[in-house]
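*Asks:* Shown below is the structure under consideration.
The values are calculated or read from the model by the stated rules, or taken from the named source; none is laboratory data. Since we're looking at a predicted model, the values are computed, not measured. Quick reminder, even Gly has a Cβ in these numbers, built from the backbone with ideal geometry, and neighbours come from all protein chains shown.
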Amino acid sequence: MNETLLGILNNAFWTALGTLLGLILPEFLKSRKKKRINDHVVKLIDSASNKSKVTTDIFVLESGDPFFCFEDIKIKDSDKELIISIPEEYHSELLLLKDDFEFRDQISFDGSKTFNDISESTKIENLSILIEKHKHIVSKNIINKLKANGNFFNGETLGIFRLRRDRLGVKEKSSFKVQTYRSDYFTQRIFASIYQELKSAGHKISKVHKLEELTSANADYSPFIGGIAATTLVLLNKGESVVVAERSEFIKTGLRRWHYTMDEGFSQTDYDDFGPSFVKCFNRGLFSELNITEEIAASFPPKFMDLIFYRNVFELEFTSIFEYPYTFDNFRKNYELAPDNKFETHNVKEIKLDQESVKKFIEENELMEGCKLSLQLLVIRKENGLLLNED
């Protein structure tokens, strides 16, 4: 092989290598830069979450990298039931106060009418005694609420039977497998009441701080997990502003405070032909609270940010952002026509999405603690370029 041919081949090799590196290297550097940014954001989120954990008992169990999507949240029905029956001695009075009050037969996860199975799985030895005690406490509280012209709807609910996190693909992106069980509001109120007693006594259930500790083999606290919600903060002007809603005193907190733009609990109505659907839950909330149609929702799918745990009440929520494509005036006009807007909220407000404006709004207004934390985490993402147009 003569020197001329070797020179040609050598030049061709280095040209090809240069071309290949020109294609690969920018993407590699971009990926490395994105990872550094994401790692930095995770540290900032952890710091804000830990502060909230200390002051409010509300904190992040898992964050997106930088987001989750619907496909990352898989929900199935476990075919389990957990119902605590209302003592018969209260039936007559409850029916006098609310003639359509719903009563159900008692059943535990194993199909029995006792609660020995969950006493064993939760490792709370006196759980059956606590259930008997608190079913009377809750019954009397409901009667007093109805007498005071309040309302209580003992409808069916969904609790969380299992919650597992998986790591998918080369990037080990988090996804979630959720199994639900059927229950009712009365039962959930009882476990919420029992939880407060256990918390006051310093029981280890009140120290749970990892996702894996919620439904582990060591202590399975699924009877206490009252449900899971989809919440969203609506963004306007390509993420330059955010909308918050003033929640009505008629909702279960009984307080008028600024909150997420939308907050919808996952329920039995959120089933499609394939079973439980988190998409249906989210879209139902957008329409009933904000009058945003499924067509708009499908065109601008939400990005889920964090799985937040309300340890003070043992509830979970997936927080998200939803980019609304029109102006705030258009948003408000739609909102005023929403089916549930008079019951769920009193008002909506647009806030400039930057640290100074959000901090000022938090300092000058009463906010629900979960929303307060999510606004802070949203600002962190925006300031680090991880808000819109990210995979």
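*Asks:* Given the conditions (1) in contact with a Ser or Thr (Cβ under 6 Å, 6 or more places away or on another chain); (2) touching a residue at least 60 places away in the same chain (Cβ under 8 Å); (3) more than 27 Å from Pro301 (Cβ to Cβ), which single one is not true for Thr215?
*Replies:* The one condition Thr215 does not meet is (2).
*Asks:* Go through the stretch 304-390 and tell me which helices (runs of 4 or more DSSP H), entirely inside it, have 1 or more residues that are of a type in the set (Phe, Trp, Tyr) and modelled with pLDDT of 95 or more.
*Replies:* Here the list reads 328-335, 355-364.
*Asks:* Right, something else. Name the residue, out of Ile321, Ile362, Ile292, Ile351, that is hydrophobic (A, V, I, L, M, F, W, C) and under 19 Å from the mean Cα position of the chain (by Cα).
*Replies:* Sole residue among the options that is hydrophobic (A, V, I, L, M, F, W, C) and under 19 Å from the mean Cα position of the chain (by Cα): Ile321.
*Asks:* Let me ask something additional. Out of Asn144, Asn116, Asn151, which single residue is polar (S, T, N, Q) and under 27 Å from the mean Cα position of the chain (by Cα)?
*Replies:* Criteria check complete, one pass: Asn151.
*Asks:* Out of the stretch 288-312, which residues are touching a residue at least 60 places away in the same chain (Cβ under 8 Å) and more than 20 Å from Leu375 (Cβ to Cβ)?
*Replies:* Pro301
*Asks:* Out of the residues in the stretch 263-281 that are touching a helix residue (DSSP H, G or I) at 6+ places or on another chain (Cβ under 7 Å) and hydrophobic (A, V, I, L, M, F, W, C), state the one that is surrounded by the most Cβ atoms within 10 Å (Cβ to Cβ).
*Replies:* Phe266
*Asks:* Given the conditions (1) closer than 19 Å to Glu315 by Cα; (2) in a strand (DSSP E or B), and given that Ser174 satisfies all but one, which numbered condition is not satisfied?
*Replies:* (1)
*Asks:* Of the conditions (1) among the small types (Gly, Ala, Ser); (2) within 28 Å of the chain's Cα centre (by Cα); (3) loosely packed, with under 13 Cβ neighbours inside 10 Å, Gly111 satisfies every one except a single condition; which number is it?
*Replies:* Unmet for Gly111, out of (1) among the small types (Gly, Ala, Ser); (2) within 28 Å of the chain's Cα centre (by Cα); (3) loosely packed, with under 13 Cβ neighbours inside 10 Å: (2).
*Asks:* Separate question: Kindly establish whether Asn283 is in the same structural domain as Leu235 (by TED's automatic domain parsing), within 30 Å of Glu212 (Cα to Cα) and not in a loop (DSSP other than H, G, I, E, B).
*Replies:* Against the criterion (in the same structural domain as Leu235 (by TED's automatic domain parsing), within 30 Å of Glu212 (Cα to Cα) and not in a loop (DSSP other than H, G, I, E, B)), Asn283 qualifies.
*Asks:* Shifting gears a bit: Since Ile194 meets every condition but one in (1) surrounded by fewer than 20 Cβ atoms within 10 Å (Cβ to Cβ); (2) of a type in the set (A, V, I, L, M); (3) modelled with pLDDT of 95 or more, which condition does it not meet?
*Replies:* (1)
*Asks:* Another question, then. On the basis of being free of Cβ contacts under 8 Å to residues at least 24 places away in the same chain and surrounded by 15 or more Cβ atoms within 10 Å (Cβ to Cβ), does Ile351 make the cut?
*Replies:* It is false that Ile351 is free of Cβ contacts under 8 Å to residues at least 24 places away in the same chain and surrounded by 15 or more Cβ atoms within 10 Å (Cβ to Cβ).
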